[in-house]
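Here's the structure, in structure tokens; my notes come after.
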Amino acid sequence: MLLSIVVIIALGIFSQWLAWRIQWPSIVIMSLAGLIIGPLFLLVNPEKALGDLYSPLVSLAVAIVLFEGSSSLDIREVKNISKSVFRVVTLGAFLAWIGGSFAAHYIAGLSWAVSFVIGGLFIVTGPTVIIPLLRQAKLDPRVAAVLKWEGIIVDPIGPLLALFAYEVIKVMNLNEGGFGYLLSFFGGALVAGLIGYVMGLLVSVMAGKGLFPEYLKSPIILSFVLLCFCSGELIMHETGMLSVTVMGFTIARRQKYVSSIGNIAHFIENISVILTSTIFILLTSSLSRETIGQIFTLPILGYVGIMLFLVRPLTIWLSTIGTELTNKEKTLIGWIAPRGIVALTVSGYFASILLEDGFDDASILTALTFALVFITVCVHGFSLGPIAQKLDLASNDTPGVLLIGANEFSFALANHLKKMEIPVLVMDHTFHHLSKSREYDIDVYYGEILSEHTKYEIDLTPYEYILSLTDDPAYNALVCQSFIPEFGYQYTFTLTSRGDGPEQKEIPPAHQPNILFGENVEYESLNRKMREGYSFQTIDLELEEKKTVKKEDLSVPVDGIWIFIRKEDDELIFITLKEKVTVEKGDQLVVLSKEAEQ
């Protein structure tokens, strides 16, 4: 058991890392890794190794992932597309249920009872599959918001629809209970949602009054999430997901009153990444070879094809008639619907209870679910980026630069980046600082980058690098620290605050890759050089081979301050306090020099 747990966790995380390195969808790599160690080579079988712990661990992990997704929702994301989102998660979910049920009956050959159960379950997409895809594809914010909200809100609705269909079956086919039984189902779902709301409100109030010490805040809130999920499950099976979703959304709505709650977001997000990786490995490595063999049958493959090419597109186009979405946006949203962890975990539960009730055709539900999950994950994972680019619903291929602080140097740098056809935006919270932008005809934004509403006012998707270039070192450092989680450590830069005085301490080696240009290159010196007539020049490096050298050892025809190196694939390597740089044939070096720009 110990070896199985360690292998699964490590393999899940390294699968995420490998996917990042080769730019593949992470869920594809994780699914393949699970299949390799499980049914292919029979190295690990987590379901047998963990025994009775298997199902509870998967359920708790799903609860945390759902809470993380719902607590990150902000109504401002959908202020211009709220009608579309509402239609997709209501009418769209209903149409997907009906369409999926009919396809299960007529294509997969399932009975009507089993079809309506599995049809309800298959409306889910979920944050475990959607959010990793959105993170890699850099979609237009409107499309990303619809897919994200649909995945998080519909995730608990799918199991509830499946459960509702099962309760109807018990009343009509199995002659159990009566309509009072159905009323108890709706009552249970209502109570579960109420538990989530009360838990979210309680956590918000307690955190707002400072009743949690800072070092215990994240563990306490995580404990409340688990308690909320278990309380919902005690009310009625499969309603725990509804409870934690409501709890997360309640906390998200209360963050404007209790800002300290937002500080736990990165902690929960990190746990969610680990759990997502682990669950996919757990589920795929637990599959049997017999289940894998069942996937390659005509009824199952035909069902998946109908769900991909007919049910999903038709559902979105019908449910969004008369909404704010354009035809291109409807096309992309209608194509993207990867199924994930919830479908895999809950289908096993319904397969077992339906088989106990005498529905023998439910034996193929596990194979049917995995076929839909794996095929949609692969097809949508690889096609999302190219299709979004084809429909002009993704950011420009060239990575852009976000400059914080409007001054002579930042405007000149922005102008040169624009000439190199690199997207650039200058942002400043002081209006008169931006007035000079008219001379250069560059994009600017008047606002505070650290303000929470800024990310909902402008689209930061096209920008891969952020440079904080103000005259306030403390502010620069705060901007970098705030945006490292979003942009990445290696894409976040600032100017040095170090002067020539003896009181200045040496910059720690860990911070040197984020400090721009050189030891004595500071805000004042850069802007002074601009007033003295310095300008930017692009130099084509003529090198025979790739090599890593110290900056002073590389001979270039122009003397000046090195700013950045542009690679042939448009990657930008900004020059920092690191002593060495890696250069190769085809690179372009941008230098700030006294000579006139050529």
Could you list all residues from the range 119-162 that are under 25 Å from G187 (Cβ atoms) and over 17 Å from the mean Cα position of the chain (by Cα)? G119, G120, L121, I123, P156, I157, G158, P159, L160, L161, A162
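Restricting attention to the range 399-408, which residues are surrounded by fewer than 23 Cβ atoms within 10 Å (Cβ to Cβ) and touching a strand residue (DSSP E or B) at 6+ places or on another chain (Cβ under 9 Å)?
P399, G400, N407
Kindly establish whether A33 is over 30 Å from G193 (Cβ atoms) and hydrophobic (A, V, I, L, M, F, W, C).
Values: over 30 Å from G193 (Cβ atoms): yes; hydrophobic (A, V, I, L, M, F, W, C): yes.
So A33 passes the test.
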Any pair with Cβ under 6 angstrom, 6 or more apart, that starts in the range 33-62 at a residue that is of a type in the set (A, V, I, L, M, F, W, C) and ends at one that is not in a helix (DSSP H, G or I): I37/L43; I37/V44; A49/M1
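Can you confirm whether G240 is of a type in the set (G, A, S) and free of Cβ contacts under 8 Å to residues at least 12 places away in the same chain? Don't jump to the end; show me each part of the working.
Values: of a type in the set (G, A, S): yes; free of Cβ contacts under 8 Å to residues at least 12 places away in the same chain: no.
Here the answer is no, as G240 does not meet what is asked.
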Just give me the residues in the range 354-378 being surrounded by fewer than 16 Cβ atoms within 10 Å (Cβ to Cβ) and part of a helix (DSSP H, G or I), in sequence order. L355, E356, D360, S363
Which residues, counting only those in the range 1-32, are surrounded by 13 or more Cβ atoms within 10 Å (Cβ to Cβ), assigned to a loop (DSSP other than H, G, I, E, B) and not aromatic (F, W, Y)? P25
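For the subset of the range 70-86 comprising residues that are polar (S, T, N, Q) and buried (at least 19 other Cβ atoms within 10 Å of the Cβ), which member is modelled with the highest pLDDT?
First pass over the range 70-86, keeping only residues polar (S, T, N, Q): 70-72, 80, 82, 84.
Adding the requirement that they be buried (at least 19 other Cβ atoms within 10 Å of the Cβ) leaves 70-72, 84.
Numbers: S70: 80, S71: 79, S72: 73, S84: 89.
Selected residue: S84.
Looking at this structure, is L384 under 18 Å from I573 (Cα atoms) and buried (at least 22 other Cβ atoms within 10 Å of the Cβ)?
Values: under 18 Å from I573 (Cα atoms): no; buried (at least 22 other Cβ atoms within 10 Å of the Cβ): yes.
Criteria not met by L384.
Consider F296 carefully, then state whether it is farther than 28 Å from V373 by Cβ and modelled with pLDDT of 85 or more.
Values: farther than 28 Å from V373 by Cβ: no; modelled with pLDDT of 85 or more: yes.
No.
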Give the residue, chosen from E448, E457, that is without any contact (Cβ under 8 Å) to a residue 24 or more places away in the chain, over 20 Å from L495 (Cα atoms) and either surrounded by 18 or more Cβ atoms within 10 Å (Cβ to Cβ) or not hydroxyl-bearing (S, T, Y) (or both). E457
Looking at (1) closer than 25 Å to I274 by Cβ; (2) assigned to a loop (DSSP other than H, G, I, E, B), can you tell me which one P56 breaks? (2)
What's the number of the condition F409 fails, among (1) in contact with a helix residue (DSSP H, G or I) (Cβ under 7 Å, 6 or more places away or on another chain); (2) within 20 Å of V28 (Cα to Cα)? (2)
Could you list, in sequence order, the residues of the range 161-209 that are at pLDDT below 85, of a type in the set (A, V, I, L, M) and either surrounded by fewer than 21 Cβ atoms within 10 Å (Cβ to Cβ) or not assigned by TED's automatic domain parsing to the domain that holds V225 (or both)? V168, I169, V171, M172, L174, L182, L183
Quick check on this structure: which one of S4, S71, S84, S101 is of a type in the set (S, T, N, Q) and within 23 Å of L384 (Cβ to Cβ)? S84
Within the range 118-153, track down each residue that is hydrophobic (A, V, I, L, M, F, W, C) and under 21 Å from Y303 (Cα atoms). I118, L121, F122, I123, V124, V129
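The values are calculated or read from the model by the stated rules, or taken from the named source; none is laboratory data. These numbers come from a predicted model, not from an experiment. When we count neighbours, we look across all protein chains shown, and the Cβ atoms used for this are built from the backbone with ideal geometry, even at glycine.
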